[in-house]
1. Give me the distance in nm between label points sitting 7 Å out from Cα along the Cα-to-Cβ direction at Ser104 and Asp141, one decimal.
2. What is the extension gain from Met4 to Ala21, computed as 0.36 nm multiplied by their sequence separation minus the C-alpha to C-alpha distance, in nm to one decimal?
3. Could you sort out which of Lys157/Lys192; Lys157/Lys196; Lys157/Lys188; Lys157/Lys197; Lys129/Lys188 sit more than 23 Å apart by Cα distance in this structure?
4. What are the ³J(HN,Hα) values, in whole Hz, obtained from phi via the Karplus relation 6.51 cos²θ - 1.76 cosθ + 1.60 with θ = phi - 60°, for each residue of the range 116-124 in sequence order, with x given for Gly and Pro?
5. Please give me the summed charge of the neighbours of Ile163: other residues whose Cβ is under 10 Å from its Cβ, Lys and Arg +1, Asp and Glu -1.
6. Near the amide H of Val119, under 5 Å away, which other amide H atoms are found, from residues 5 or more places off or on another chain, if H is placed in the peptide plane?
7. Taking K and R as +1 and D and E as -1, what net charge do the other residues with C-beta under 11 Å from the C-beta of Asp191 add up to?
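No lab work stands behind these numbers, since they all come straight from the coordinates. Only a predicted model underlies this, so the values are computations on that prediction, with no experimental measurement involved. Reconstructed Cβ throughout: ideal geometry from the backbone, glycine too, with neighbour counts over all protein chains shown.
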Amino acid sequence: APPMPAEFAARLDAALAAESAARQEATFPAAAPESAEPPVAPVVDLSAARKRRNRQLGWGAGILTAAAAAAVAITLTVPGATKTDTSGVAAPAPSAVGGPSVGSDGSGAEALLGGGLGVRNYGPLQDSKRFDACVAAAGMDPAVRPEGVRPVTVEGKPGVVAIYTTGKLAQFRLVAFGADCGPGNPDKLFDKVVGKK
């Protein structure tokens with residue numbers, strides 16, 4: 001929009017000054033000397049005022065949007081926080097099937113990588129102590145920590161699968177142990193390398 005002509009701006013300034021003086025005198029009769037003119041804000045270009053107002057509203061909307069996005073991110077992040085190390089803490093009772101099903105030779109085990117990395121769910125073995133005893137019984141080193149442990153069902157038998165790195169990019173070793181695994185009973189269900197060869 002074009003700027004307001006100067007003659008109209010001057011008339012508006014005069015009208016605002018008169019109105020402001022009348023209000024000032026009505027509100028504070030003793031404080032305002034008769035000869036003093038109250039300060040009046042000059043009339044500004046209407047398009048500039050709109051731009052300033054829109055910019056302030058834009059900032060406010062941006063802040064509200066950022067706050068809403070942060071709240072959603074926190075809400076979405078908190079449920080995923082269950083993927084923590086639960087060493088020494090009893091795991092919830094396994095479901096009837098004990099986890100995803102795979103073949104006795106480990107066929108279909110690649111699908112376990114997606115939700116298994118970073119997980120410490122010992123399923124039927126219940127805690128890290130029983131898991132370490134199972135690993136030792138299978139002739140493996142319990143000090144070598146897996147990248148994830150999760151329940152699995154191998155041909156109808158409940159157990160857990162441990163996901164180990166192999167030292168090669170995108171290649172993992174999956175070792176499944178049965179629920180009866182422990183000292184003197186390795187109960188290894190399968191031992192399979194998946195990923196890039």
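1. 3.2 nm
2. Using 0.36 nm per residue and subtracting the Cα-Cα distance, I get 3.7 nm.
3. Lys157/Lys196; Lys157/Lys197, as the Cα separations exceed 23 Å there.
4. Those phi angles translate into x, 5, x, 8, 10, 10, 7, x, x Hz.
5. Summing Lys/Arg as +1 and Asp/Glu as -1 gives +1.
6. Excluding prolines and chain starts, which carry no amide H, the hits are Val149.
7. +2
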